[in-house]
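Everything on this sheet refers to the single structure shown next.
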Amino acid sequence: MPALRELQTGFAAAMFDPEAAVRIAPGVQAQGIESARRLQVYRNNLFAGLTGVLAAVYPVTRRLVGEAWFDQAARGYIAVHPSRCGDVHRYGDGFAAYIGGCPGADALPYLTDTARLEWRYHCAFHAEQLPSLNIDSLRSLRQDDYPRLCLKLQPSARLLDSAYPVLRIWQVNQADWTGDPSDAAVVDLAEGGIRLLILREGLEVAFIPLGRGEHAWLQGLGRGMNLLESQQQAAALDPDFDLGAALRRHLLQGVFSGWRT
Amino acid sequence: MTVSIRQTARTSPFPASAGIGLRSAHVQEILDSRPALGWVEAHSENYFGRGIPRHYLERIRRDYPVSLHGVGLSVGSTDALDLDHLAALRELVADIEPVFVSEHLSWSSVGGRYLNDLLPLPYTEEALVHVAARVAEIQQRLGRQILIENISSYLQFEASAIPEWEFLAELAKRSGCALLLDVNNIYVSASNHGFDAHRYLQAIPVAAVREMHLAGFTRKVFDDGDILIDTHNRRVAPEVWRLYAAAVARFGAVPTLIEWDSELPALSVLLDEARRAQSIMEAHDARAA
């Protein structure tokens with residue numbers, strides 16, 4: 001292996017593995033301060049940097065569990081889920097599932113879903129908003145084309161289905177939340193779950209509560225199902241699902257950015 | 001009206017003035033108060049993908065020249081160049097029309113794993129050949145010259161055979177890139193590795209330097225010595241201001257940026273630091289005149 005490749009591979013391993021650090025230490029000039037300490041500076045920078053990235057994406061989660069617990073969970077996550085991208089805004093997918101398995105997480109059953117909400121918010125915030133599909137552009141369709149119609153969701157559109165009132169939890173934990181502070185302590189978990197569409201609307205990210213059938217329908221469309229298939233999926237879960245009403249509502253809301261048959 | 005401001009900003013020559021790093025917490029205040037400021041620099045990756053942050057950068061761009069400063073391209077990596085990353089940068093460059101596009105003399109990934117940090121290279125002929133080819137490829141794919149910035153480092157590799165200043169000068173010569181001299185990074189690395197910061201400045205070709213950076217560092221004290229860390233969380237140190245004055249004496253007044261990335265202060269503090277850099281440039285110009 002060329003020397004540069006070997007050096008980089010060894011250095012990267014040393015960031016996560018103390019034995020690998022021992023192996024590369026002779027290649028680092030000591031100059032008064034021992035090599036291990038110098039490598040430790042880089043290890044600290046790496047873990048502190050990515051912990052900061054996760055803290056920025058998951059502020060509500062961090063508030064729910066406390067900074068110390070969050071930072072420890074982040075270190076564990078970083079150690080086993082390396083970043084795969086030079087754009088750190090893409091780091092942290094999967095952190096929600098990871099923290100659900102951390103010791104103590106079962107005390108907050110809604111924790112994973114709250115983190116999933118934050119990840120979706122983050123993705124929608126950084127997503128492009130394409131021109132919305134105009135209802136008129138569908139007028140050229142013949143009636144018998146409709147079952148085969150595939151609607152393309154906006155790049156920002158994300159769905160969430162939770163057994164907990166995670167939107168309420170998210171709202172009362174915002175820095176600028178101005179409601180009754182005592183409400184924050186008494187979010188009623190018995191309030192039940194929520195299904196959401198998370199969608200960029202201009203310079204805001206909107207949370208749009210969905211019915212059970214609507215959620216299944218949008219999920220089907222998002223996976224490339226046509227109108228018939230997605231309607232069948234929705235109707236199987238919700239016999240009252242009204243395709244015409246759902247189509248109108250989400251066309252008006254600008255959820256779709258294109259179509260094909 | 002807005003359109004004419006945008007055109008003016010884009011067609012006028014870029015002045016040798018002081019700017020600040022753009023942080024999202026300051027964007028609204030800058031848009032509302034339009035402070036006297038030569039230019040702003042944005043971290044490229046924060047604006048990839050045409051999300052909500054892009055809208056604000058486009059608005060800032062109507063009022064100020066913008067430079068794009070990348071932290072994630074992993075220029076010195078032995079992995080293949082990330083063409084998706086480069087395509088996202090190219091799209092951003094086409095949209096924002098920055099005065100400069102800069103990256104770092106560092107690597108941050110290997111084997112597909114990103115450490116998302118600016119890591120030092122061994123200064124060898126092998127690394128020089130590699131980095132010069134990478135920079136040339138980046139410039140070719142972007143269709144423009146880029147600036148390469150010296151980093152702060154906390155270790156040196158035994159394998160290094162070329163001083164950093166020679167490596168940087170040679171990189172500019174071989175790849176045709178320009179240089180972004182981070183004066184704080186020179187000070188930090190000189191202190192950490194025991195070299196003479198002024199010798200560094202003297203070795204850098206004057207014509208290659210298009211931009212300078214200034215920032216604050218943190219001294220970390222260990223039993224066996226101190227390491228200065230490039231933390232970007234405080235004012236520029238007095239020693240770094242002195243080194244900057246020496247750099248301006250050698251390179252002339254070039255666009256200079258105040259970087260402040262964590263423990264962010266009020267915008268007024270950044271503007272105050274920028275004014276100080278501006279006054280050092282103006283004092284130099286007055287002497288030269």
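The values are calculated or read from the model by the stated rules, or taken from the named source; none is laboratory data. Bear in mind the structure is a predicted one, so any value in this text is a computation, not a measurement. Cβ atoms come from the backbone with ideal geometry, glycine included; neighbour counts cover every protein chain shown.
Being among the acidic types (Asp, Glu) and over 24 Å from A:Ile169 (Cα atoms) is the filter here, so list the residues in segment A:78-116 that pass it.
Within segment A:78-116, the first condition is being among the acidic types (Asp, Glu), and the residues that meet it are A:87, A:93, A:106, A:113.
Within segment A:78-116, A:Asp87 is the sole residue that qualifies.
Working only within segment A:229-250, note down all residues that are out of contact with any Phe, Trp or Tyr (no Cβ under 8 Å at 6 or more places or on another chain), surrounded by fewer than 19 Cβ atoms within 10 Å (Cβ to Cβ) and within 17 Å of A:Arg148 (Cα to Cα).
In the first step, residues of segment A:229-250 are kept if they are out of contact with any Phe, Trp or Tyr (no Cβ under 8 Å at 6 or more places or on another chain); the result is A:229, A:232, A:236-240, A:242, A:244-245, A:247-249.
Okay, now just the ones that are also surrounded by fewer than 19 Cβ atoms within 10 Å (Cβ to Cβ), so A:229, A:232, A:236-240, A:242, A:244-245, A:248-249.
Within segment A:229-250, A:Glu229, A:Gln232, A:Gly244 meet the criteria.
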Over segment B:69-105, the set of residues among the small types (Gly, Ala, Ser), within 11 Å of another protein chain (Cβ to nearest Cβ) and farther than 14 Å from B:Leu142 by Cβ is B:Gly72, B:Ser74, B:Gly76, B:Ser77
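Considering only segment A:211-261, state which residues are among the polar types (S, T, N, Q) and closer than 17 Å to A:Leu199 by Cα.
Of segment A:211-261, the ones among the polar types (S, T, N, Q) are A:219, A:226, A:230-233, A:253, A:257, A:261.
A:Gln219, A:Gln253, A:Ser257, listed by residue number.
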Only one of (1) closer than 20 Å to B:Leu121 by Cβ; (2) more than 7 Å from every other protein chain (Cβ to nearest Cβ); (3) among the small types (Gly, Ala, Ser) does not apply to A:Ala12, and that is (2)
Picking from B:Ala132, B:Ala136, B:Ala94, the residue that is touching a helix residue (DSSP H, G or I) at 6+ places or on another chain (Cβ under 9 Å), over 20 Å from A:Leu50 (Cβ atoms) and surrounded by fewer than 17 Cβ atoms within 10 Å (Cβ to Cβ) would be B:Ala136
Condition check for B:Leu31: among the aliphatic types (A, V, I, L, M) and either touching a residue at least 60 places away in the same chain (Cβ under 8 Å) or surrounded by 17 or more Cβ atoms within 10 Å (Cβ to Cβ) (or both): no
Checking the structure you have, find out if any residue of segment B:60-67 is within 10 Å of chain A (Cβ to nearest Cβ), crowded, with 22+ Cβ neighbours inside 10 Å and under 20 Å from the mean Cα position of the chain (by Cα). no
Conditions (1) at the interface with chain B (Cβ under 10 Å from one of its Cβ atoms); (2) out of contact with any helix residue (DSSP H, G or I) (no Cβ under 6 Å at 6 or more places or on another chain); (3) among the small types (Gly, Ala, Ser) -> A:Gly86 fails only (2)
Every listed condition ((1) part of a strand (DSSP E or B); (2) within 20 Å of the chain's Cα centre (by Cα)) holds for B:Tyr114 save (2)
query = Being in contact (Cβ under 8 Å) with a residue 60 or more places away in the chain and not in a loop (DSSP other than H, G, I, E, B), is that true of even one residue in segment A:126-133?
reply = no
Quiz item: Quick check: anything in segment A:103-124 of a type in the set (A, V, I, L, M, F, W, C) and within 14 Å of chain B (Cβ to nearest Cβ)?
Solution: yes
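Only one of B:His213, B:His198 is more than 14 Å from chain A (Cβ to nearest Cβ) and either surrounded by fewer than 19 Cβ atoms within 10 Å (Cβ to Cβ) or assigned to a helix (DSSP H, G or I) (or both); which? Even if it seems obvious, please write down each step before you answer.
Values: B:His213 fails: either surrounded by fewer than 19 Cβ atoms within 10 Å (Cβ to Cβ) or assigned to a helix (DSSP H, G or I) (or both).
Every option except B:His198 fails the conditions.
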Heads up, the helices (runs of 4 or more DSSP H) in segment A:172-247 (entirely inside) with at least 3 residues that are at pLDDT below 95 and within 24 Å of the chain's Cα centre (by Cα) are none
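Say we look at segment A:16-68 and pick out the residues that are among the charged types (D, E, K, R) and at the interface with chain B (Cβ under 10 Å from one of its Cβ atoms); which of these is farthest from A:His122 (Cα to Cα)? Steps first, please.
Quick first cut of segment A:16-68, residues among the charged types (D, E, K, R) only: A:17, A:19, A:23, A:34, A:37-38, A:43, A:62-63, A:67.
Narrowing further to those that are at the interface with chain B (Cβ under 10 Å from one of its Cβ atoms): A:34, A:37-38, A:43.
Working: A:Glu34: 41, A:Arg37: 36, A:Arg38: 34, A:Arg43: 26 Å.
Here the residue is A:Glu34.
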Restricted to segment B:35-52 and to residues being of a type in the set (A, V, I, L, M) and under 24 Å from B:Val254 (Cβ atoms), the residue farthest from the other protein chains (Cβ to nearest Cβ) is B:Ala36
When B:Ala127 is run through (1) among the hydrophobic types (A, V, I, L, M, F, W, C); (2) assigned to a loop (DSSP other than H, G, I, E, B); (3) farther than 27 Å from B:Trp241 by Cα, the failure sits at (2)
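Yes/no matrix, rows are residues, columns are (1) small (Gly, Ala, Ser); (2) assigned by TED's automatic domain parsing to the domain that holds A:Ala190:
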| residue | (1), (2) |
| --- | --- |
| A:Asp71 | no, no |
| A:His89 | no, no |
| A:Ala96 | yes, no |
| A:Arg116 | no, no |
| A:Ser132 | yes, yes |
| A:Ser140 | yes, yes |
| A:Tyr146 | no, yes |
| A:Lys152 | no, yes |
| A:Gln171 | no, yes |
Note on segment A:1-28: residues at pLDDT below 95 and either closer than 11 Å to B:Thr78 by Cβ or part of a loop (DSSP other than H, G, I, E, B) (or both) are A:Met1, A:Pro2
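Which of the residues spanning segment A:26-54 are in contact with an Asp or Glu (Cβ under 8 Å, 6 or more places away or on another chain) and on the phi < 0 side of the Ramachandran plot?
A:Pro26, A:Gly27, A:Val28, A:Gln29, A:Ile33, A:Glu34, A:Arg37, A:Tyr42, A:Asn45, A:Leu46, A:Gly49, A:Thr51
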